[in-house]
Structures are given as structure tokens and as C-alpha cells.
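The values are calculated or read from the model by the stated rules, or taken from the named source; none is laboratory data. Please read all numbers here as calculations on a predicted model, not as lab measurements. Backbone-built Cβ (ideal geometry, glycine too); neighbour counts: all protein chains shown. Heads up: the accessible areas ignore ligands, DNA and RNA and are worked out on the full protein's heavy atoms, side chains in. Shrake-Rupley method; radii C 1.70, N 1.55, O 1.52, S 1.80 Å.
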Amino acid sequence: MPASPSPLPPRLFDRALHRKRLTRAAHGFAEADFLHRRAALDLAERIGPILRTFPLAVELSARRGAFREALDDAASDRVGHLIEVDLSPAMLAGRADARLVADEERLPFAEASLDLVVSTLGLHWTNDVVGALIQIRRTLKPGGLFLGAFLGGTTLTELRQSLVAAESEILGGAGSRISPFADLQDAAGLLHRAGFKEPVADVDTVTVTYDHPLKLLLDLRRMGETSVLADRHPKPLTRTLLARTAEVYAERFSRPDGRLTATFEIITLTGWAAG
């Protein structure tokens, strides 16, 4: 009796819509790239102390090239040839270095062909994180290194709470408008399930302040980080609901100086392919 096929992972995110959002964001990405640059610099600085070189490397979710710039400053002698990969061709436009448009969920690289794979704030948009990590591990040569950063559990907790409160008040219930994020305690387990050796996960909590919640929403749009949930909320985000969300946000999350806090959690993963 033939084995039944493996069940497909749930479709949490609309990847085609995510590509469109990234393409829309590409032109103004530099105006809100502070999280991407922070993650890219951290990843580059982790490579510097490693006493080996990586002749062929790939960066996933390269966006506008912050990791390459950070690598030049922090570890230029550690990486030989770097291929920048992004889901959106617009993000890669205008640069002369090696670039490739590809989806993290369907990597085009040969098995055991790469020395280093870096993923910069993109894995939280994949429908099957473990599946994506397994693909990454298979592309690595024995002893190859994976470094990845993605947004974690407490990201946008203030916005999430404010939306839930406003929806419950106006609509009589709340639905999902903000993407779910993995917790730190689950992160190293993702690497272990994907077959990586010596998995390590740590977190960088970033608090940003704004003078109005709409400025936060504008930054999320410029980052290409607005929601692309496949099962989208059945009711639109109306002006009334948005205005009440902003009021709740100001009531609950203002600092003494009147500015509003927004939390971002960057979880960084490190793992090695079996040698």
C-alpha cells in the first residue's frame, strides 16, 4: 500500500501579496530601514570572530543591501563571493553585485553548494519555517554556517493590543490583523528540527518611539512589513476603527514626554550543517 503524501504546511501568508508589498516599499525603503540595518550589522559582526572563511555565501531577504555594506565594515576578509537574494526584483534593482530573485520557500541552489547562508528579517513571512530551514541546511556544504534574524513574539505588542481593544469595543469582537511571530523559547528548536548542529538563539529587543501611531503604520508600509495573512480579516480597517485604535494606543502606551512606544523583537539564529 503506497504511503500517504505528507500534509502540506498551513498557508498562513500570501507570498504573492508579500512580493507586491515589498515591491511597493522598495523606493522608500531607506526611509525606514533601521531594523533591517540593525539586524544586518549584528549578523555581519557575528561572522568577524569566526576563524575561517566562507568562499561562497548567499543572503536571503537582502532588500537594499545593508548586509553587504555591514560585511564590508565588519568582516570583509571572511566572505568571498556574496549573492544577494530577494523575493522582489525592485529591492535588488540598481546594484551591480551578484543578485538573484528567488523565494525563500523554494531555494534554487544545489545541494551542498554554499559555505554560508544568511537570512535578514525574512523568515517570519514563510509559511513553513522549518521547511525553509531544511532547504537552507541542504544547500550548505558540510560544516557550513547559517545565520538568520527574524521578528519574534513581542513585536508590535502595543499595536496588537490597541487593535484588539478597539475592535472589541466597536465591532463586538476581534480578529487577526497582525502576523503571528515565533517566541524565543521555540527558536532554537526550529534549527534542531531542521537538522542543524549547535543551534543557538538569542534576542535583541528594540523600542522605537513615535509621536503618533500613524507614523508607525507608515514605517511598516515603507519596510514592506504590513500584514499579508492569507486568511485576512473579513472587515476592513475603517477610519473609525483606526482612529479608536490610535486613541487606545495613546492612552496605554505613551511615555511621560507624550511619545508612543513600539516594540520590535529580533531573534537571531545560529546553526551549523553537519560536517
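Numbers below:
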{"quantity": "Residue satisfying condition, being crowded, with 16+ Cβ neighbours inside 10 Å, touching a Lys or Arg at 6+ places or on another chain (Cβ under 6 Å) and not in a loop (DSSP other than H, G, I, E, B), within set LEU151, LEU163, LEU133", "calculated": "LEU163"}
{"quantity": "Residues within region 24-36 that are open to solvent by 70 Å² or more (accessible area, probe 1.4 Å) and among the acidic types (Asp, Glu), tallied", "calculated": "1"}
{"quantity": "Hits in region 37-84 (condition: surrounded by fewer than 17 Cβ atoms within 10 Å (Cβ to Cβ) and of a type in the set (Asp, Glu))", "calculated": "GLU45, GLU69, ASP72, ASP73, ASP77"}
{"quantity": "Filter result (β-branched (Val, Ile, Thr) and assigned to a helix (DSSP H, G or I)) within region 22-64", "calculated": "THR23, ILE47"}
{"quantity": "Some residue of region 35-47 being more than 17 Å from LEU114 (Cβ to Cβ) and in contact with a His (Cβ under 9 Å, 6 or more places away or on another chain)", "calculated": "no"}
{"quantity": "Selection count, region 85-119, where residues are open to solvent by less than 50 Å² (accessible area, probe 1.4 Å), among the hydrophobic types (A, V, I, L, M, F, W, C) and in contact with a helix residue (DSSP H, G or I) (Cβ under 6 Å, 6 or more places away or on another chain)", "calculated": "8"}
{"quantity": "Single residue of region 137-148 satisfying the filter (of a type outside the set (Val, Ile, Thr) and outside any strand (DSSP E or B)) that is farthest from THR126 (Cα to Cα)", "calculated": "ARG138"}
